[in-house]
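Data first, discussion second: the structure below is written as C-alpha cells.
The values are calculated or read from the model by the stated rules, or taken from the named source; none is laboratory data. Everything numeric here is computed off the predicted structure, so don't read it as measured data. Every residue, glycine as well, gets a Cβ built from its backbone with ideal geometry; the counts of neighbours run over all protein chains shown. Remember, those area values only see protein heavy atoms, side chains included, never the ligands or the DNA or RNA. Shrake-Rupley method; radii C 1.70, N 1.55, O 1.52, S 1.80 Å.
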Amino acid sequence: MARVKLDNYAYRDVPRLGFTGWLRWIWRQVTSMRVALILLLLLAIAAIPGSVLPQWPQSATDTQAFINDNPFWGPLLDSLGFLDVFGSAWFTAIYLLLFASLIGCIIPRVAVYWRELRAEVPPTPSRLDRYSPVSESSPLSPADAVAAARTELTGRGPAPWRWLVGHRVRIDERREADGTAVLALSAHRGHLRELGNLIFHLSLVGILLSVAAGSLLTYRGQALIVEGGSFTNAVVAYDTYSAGALFSEDDLEPWILTLDELDAQFDEATGRPTSFTAFATLTEPGQEPRQVEAQVNRPIQVEGAKIYLQGNGYAPSFTITDSAGNVAFEGAVPFIPQDDVYTSTGVIKVPDVTDGEQFGFKGTLLPSAVGEGADAVSVFPDATNPVLLLQMYTGDLGLDDGVPQNVYTLDESQLSPVRDDNGDVALIEITPGQTVELPNDLGTLTWNDLPRYAAFDLRRDPSLPWLFAFAVASLIGLGTSLFAPHRRVWVTVPVADAVGGAATVVTAAVWSPPHDTGARFELERALAAATGRPRPASIPPEDDE
C-alpha cells in the first residue's frame, strides 16, 4: 500500500523534509522577492479601509455614529478591526511579515554583493571574435596602450567618484594557443546596478521603520479658536487629540496661541474665496510673544510641530437670560459652514437655568441674507447682512448622563420644540445687536456680535524628515538599478608586436545588454586611449554593411 505523508507524498523512497525542512522552506518562501511584492500590495490594499471608514483613534464620535447608523455592518466591521485598521492584528501581521521578508531578502544579497566586490574581475575571454572585436594600430608600446585604456575605463576624479562611474579592471599577461604573449585587460561595470537595488530595498525598510516610529512618537490634535480667544497647548484644550504609544502628554510644550484676526477674502463677482489668513500671537515658554500668520498650506512652526489652518467660519456671540432674569449662557458659539456661501448651522445649549426646564436652540446663520423668515437664503459668504434663524427646544439636554455629546448637534430625544400660537414650531429671527424675548416668557436672547473662528490642525511627527530621506533614497536606488549600465570591455595587445619597431595592434570588444546604446561609446573611448587618438565626443555612426 502506498505511503501518503504530509511531505513528498508522491514518491515513496525520496528523503522526507521533516519539521526543520518545512521551516526552512517556509522561511525561503517568506523571504522571496515574490512574497515581498505580494505583501507590499496587501499592505496597500489593507490601508484603504483606514482612509474610507471612520477610525476610533481619529474620531471616536464619528466612529460611534457610524456604528449607530449601521446596526449590522458597524459592529461587524468593528469586531474585525476595520474601524481601527492601523492598530488591528491583521494589519500588524502584514506589516511585520513584510518587514521580515525585506530583511530576509536584503541580508543574503548584501553578503553576496560584498563577496562580488572583493572578488577579482573575470579574465578576458580567450576568443573575442564572438563579440565583434575592433582592431587598430597604435604608436604606443603594448604596456602604454593597456595603461592608457585602463586609465580611461577606471575614470577620472576622486576615488569615490571613480568607483561609482568607472570600471573595475584586471590586467593579465598570458600566452595564446600559438605561443604569442598577450597583455589582456578585462573591465567590468555593473556593480552600481546591484548597489542601487540594495539601496532601494534598504530604503523600503527605512520607510517601514519611519512609519512605525512616527506612529509611536507622533501626536495630533484639532482646536477651534474664536477671534480674541486663546489656546494653550494641553490635552484638555484640544477638541480632538491622538498620540502614539511612546509619546507622553508631559512632553507637550505649554505655548499659547491667541487668534487676533481671521482675514477672509472673497471674489466680489463669484463669491469664491481668494485667501484666508489667520493673524495670531504665539507665546512660547521663556520667550517674548511673537506675531505669526497661518494660511492654507503655510503652517505656523512651533517646537518641532506645525499648526495648519484647516477651516474657518462664524461664531456668533450670545447672552441668554432665563425666566428669572439671570444670565444662563454667555459666549461665542461656532457655526459650521454648509455651502460655498457660508450658510452655517449650529446649536446653543443652555443647561444652567435658575428654574424650569433646560432649553437649547438649533440655528441657521445666513451671512448675507436675502428674503424673510424660513424662505431667506444667503447669497454671499461675507457677512454683509447677517441673519440668524433659531428654533427653540425645552426639556432635558442629556448633558448630565455622562455620555459624550457632539457639540454641533442637539439630542432631541428628550426635548420638545417650542411652538407659536398657531401650533407650528416657533422660528426666532434675529440680527447682530438685537435682543428678543423668548417664547413663553422663558427669558431673553441677545446677539452681541459676529466674530470669526479658525480651525487649526496641529501635527508633530519626528519621522517625517527620515521618511522623506528614505523616499528620495528609494527613488535614487530604483533609478540606479534600472538605468545603471552593465558592461564588460576587453582590450588585448600582443607583446610581440613591439619587437623590431613594429606597430602595436590593439584589439577591443564589448559586451552589454541589447538595449544599452552607450556600450559602443565605451569601446570607442578605450580604443582611442589605447591608440593615442583624441577622446571621442560622441558615438560615431555605424558602418553600413
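Can you list, bin by bin at 5 Å, the percent of alpha carbon pairs in the range 97-190, starting at 0?
Binned Cα distances yield the sequence 2, 10, 14, 19, 17, 12, 9, 6, 4, 3, 2, 1, 0.
Assuming 0.36 nm per residue, please report the length gained on full extension of the stretch residue 234 to residue 212 beyond their Cα-Cα distance.
This chain segment gains 5.5 nm when fully extended.
Measure off 7 Å from each Cα along the Cα-to-Cβ vector at residue 384 and residue 291, then give the distance between these two points in nanometres to one decimal.
Using points 7 Å along Cα→Cβ, the separation is 3.0 nm.
Compute the long axis of helix 191-217 from its Cα atoms, compare it with the longest principal axis of the Cα atoms of the chain, and write down the angle in degrees, 0 to 90, nearest 10.
Tilt relative to the chain: about 20 degrees.
Suppose the chain between residue 79 and residue 114 were pulled fully straight at 0.36 nm per residue; how much longer would it get relative to their current alpha carbon spacing?
7.8 nm
With N residues in the range 1-157, what two-decimal value do you get for its Cα radius of gyration over 2.2 N^0.38 Å?
Taking the Cα Rg and dividing by 2.2 N^0.38 Å, one obtains 1.97.
Give me the Kirkwood hydrodynamic radius of the chain, using the inverse of the mean 1/r over all pairs of distinct Cα atoms, in Å to one decimal.
Averaging 1/r across every pair of different Cα atoms and inverting gives 31.3 Å.
So what does residue 231 come to for accessible area, using a 1.4 Å probe and Å² rounded to 10?
20
Residue by residue through the range 159-168, which ³J(HN,Hα) values in whole Hz follow from phi under the Karplus form 6.51 cos²θ - 1.76 cosθ + 1.60 (θ = phi - 60°), with glycine and proline marked x?
Working through the residues one at a time gives 4, x, 5, 4, 5, 6, 9, x, 9, 7 Hz.
Return, ordered by residue number, the residues of the range 161-185 whose backbone nitrogen is under 19 Å from a label point located 7 Å along Cα→Cβ of residue 141.
Residues 171-174, 181-185 qualify, since their backbone N sits under 19 Å from the label point.
Report, to the nearest 10°, how far helix 89-118 tilts away from the longest principal axis of the Cα atoms in the chain, using its own Cα long axis and a range of 0 to 90°.
Taking Cα atoms only, the helix is inclined about 20 degrees.
Sticking with the crude label model, points 7 Å out along Cα→Cβ, report the distance from residue 284 to residue 521 in nm, one decimal please.
Modelled inter-label distance: 5.0 nm.
I want to check the label-to-label distance for residue 32 and residue 72. Put each point 7 Å from Cα in the C-beta direction and report it in nm to one decimal.
That separation, rounded to one decimal, is 4.0 nm.
Can you give me the long-range amide H partners of residue 345? Hydrogens built in the peptide plane at 1.01 Å from N, cutoff under 5 Å, separation of 5 or more residues or another chain.
336, 338, 365
Mind giving me the FRET efficiency for residue 327 and residue 16? R0 is 60 Å, r the Cβ-Cβ distance, nearest 0.05 is fine.
0.10
Calculate, for residue 246 and residue 476, the FRET efficiency according to 1/(1 + (r/R0)^6) with r their C-beta to C-beta distance and R0 30 Å; round to the nearest 0.05.
0.50
Work out how much length residue 130 to residue 24 would gain on full extension: take 0.36 nm times their residue separation and subtract the Cα-Cα distance, in nm to one decimal.
So the chain would gain 33.9 nm between residue 130 and residue 24.
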